[in-house]
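Everything below concerns the one structure shown next.
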Amino acid sequence: GLYMFFPEILNRTTEFVNENPFSSSTICHALDATRQNISITSASNETTIVKLEFATYQYTFILEIIYALGFAVIGVLVNRLGKLIIIEFILFGCGLCGIAIAFVSTISLSIYLYVILLACGLAVSVITASTIELYPTNLR
């Protein structure tokens with residue numbers, strides 16, 4: 001769900017920052033300010049040209065680096081700490097970032113918090129490994 005809107009949210013917030021470089025507002029305000037009315041666009045049969053800002057690619061690359069490093073760290077620590085602690089740490093940290101996004105008035109910090117929020121997908125691999133251990137291979 002969140003990953004589908006990731007480039008759109010990053011692109012719109014980057015547009016807002018480019019148009020209002022010294023503005024102090026929340027990410028919600030930036031998204032609201034860059035909203036387009038889809039019904040008017042589709043009724044007029046105009047082709048909307050979507051231009052992705054370069055910063056969108058940068059933040060996507062940062063997210064992929066977080067995933068690569070996160071999987072490496074999880075692989076090293078999973079046997080030492082246990083799966084439950086890793087899952088709790090990831091989901092609690094990402095949840096705090098998700099809550100903080102609504103209150104932070106610096107757009108660039110909000111974008112980084114949003115990228116960290118999307119890193120909650122790291123917990124999926126640990127949950128999958130735990131689920132597989134519940135069902136032994138001799139029962140398949």
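Would it be correct to say that residue 100 is at pLDDT 90 or above, assigned to a helix (DSSP H, G or I) and over 30 Å from residue 133 (Cα atoms)?
Yes, satisfied.
Is it true that some residue in the stretch 16-29 is surrounded by 10 or more Cβ atoms within 10 Å (Cβ to Cβ), of a type in the set (Phe, Trp, Tyr) and either out of contact with any helix residue (DSSP H, G or I) (no Cβ under 9 Å at 6 or more places or on another chain) or modelled with pLDDT under 90 (or both)? Show your work before the answer.
Looking only at the stretch 16-29, we keep the residues that are surrounded by 10 or more Cβ atoms within 10 Å (Cβ to Cβ), and these are 16-20, 23, 25-29.
Within this subset, residues satisfying the condition of being of a type in the set (Phe, Trp, Tyr) are 16.
Adding the requirement that they be either out of contact with any helix residue (DSSP H, G or I) (no Cβ under 9 Å at 6 or more places or on another chain) or modelled with pLDDT under 90 (or both) leaves 16.
Yes, the stretch 16-29 contains a residue that is surrounded by 10 or more Cβ atoms within 10 Å (Cβ to Cβ), of a type in the set (Phe, Trp, Tyr) and either out of contact with any helix residue (DSSP H, G or I) (no Cβ under 9 Å at 6 or more places or on another chain) or modelled with pLDDT under 90 (or both).
The values are calculated or read from the model by the stated rules, or taken from the named source; none is laboratory data. Worth saying up front: this structure is predicted, and the values here are computed from it rather than measured. With ideal geometry, Cβ positions are generated from the backbone for all residues, glycine too; neighbour counts draw on all protein chains shown.
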